[in-house]
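Reading through the structure tokens given below for one structure.
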Amino acid sequence: MLEITHYIKTFIAVFILVNPLEGIPLFLSETQNVTQEKRMAIAKKASLGVTVILLSSLFLGRLILELFGIDLAAFQLSGGIIIFIIALKMVLTSDDSSKNPGEDTQTIKDPERIAIVPLAIPLLAGPGSISTIILYGNMGTSISHYLILSGIIFAVGLATWLSLKAAVPMTTFLHQTGVNVLTKISGLLVAAIAAEMALTGLIKLLPKLQP
């Protein structure tokens, strides 16, 4: 089992990468003409989708790495780089280019269809959060390790549901500018965590690269 600080970092990284705030524009635009009850059903379905996807990554991640013969240190290095790039985009993306439904999503006739794709995946549970779960999942083998990570995933799923549930008042309170500022600050935190991941993987790989 890892130190408590590692689990805190895992929760912070996964929650920020899932970033429910950036899923709100799509969620609101596609549910504006539905009842509050149906909107809550879509929020619940999307949150459950995120939870199931991340839990699958946690319990199947090790098997996938072993199946393809991928070294954990190599995955840690590449995963850290990918997560760093995603975090960098969060920081550098212009304010008017946040996750927006765009023209294509306006053609969706049934709002419930967006709950899993594209809302749950890849908008919320994307490559960054999935890679993070696989990385931290492979850092331990004890039952307590997997129980804690499962708890973290359920907590992120709950936070996602609460964020989507409070989408209308939250957007009114924060405005788009507030959401953008929070996204950029969050991106900086994830970038630091990702850099540490990549460096740890590189340090583990260096001895193996020596002749």
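No value in this document is a laboratory result; all are computed from the given coordinates. Quick caveat, the model's predicted, so the values are computed rather than measured. We place every Cβ from the backbone using ideal geometry, glycine too, and count neighbours over all the protein chains shown.
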Quiz prompt | 10 Å Cβ shell holding at most 15 others, DSSP loop, GluC sites (Glu not before Pro): longest site-free stretch of the chain | solution = 104-211
Quiz item: Assuming R0 = 35 Å, what is the FRET efficiency of LEU174 and MET139, from their Cβ-Cβ distance, to the nearest 0.05?
Solution: 0.50
Practice problem: Could you please report the charge total around THR160, scoring K, R as +1 and D, E as -1 over all other residues with beta-carbon less than 12 angstrom from its beta-carbon? | Solution: +2
Exercise. Can you tell me which of 180-189, 133-142 comes out highest on packing, and rank the rest after it, using the mean Cβ neighbours within 10 Å?
Key: 133-142, 180-189
Exercise. Label the chain by shape, choosing from rounded, prolate and oblate, from the square roots a ≥ b ≥ c of the eigenvalues of the Cα gyration tensor; if a/c is under 1.5 it is rounded, and otherwise prolate applies when a/b is larger than b/c, oblate when it is not.
Key: prolate
Quiz item: What value, in deg cm²/dmol to 500, does the helix sum -39500 (n - 2.57) over DSSP H runs of n ≥ 4 give at 222 nm once divided by the residues of the chain?
Solution: -25500 deg cm²/dmol
Quiz item: How far is helix 167-209 tilted off the main Cα axis of the chain, in degrees rounded to 10, range 0 to 90?
Solution: 10 degrees
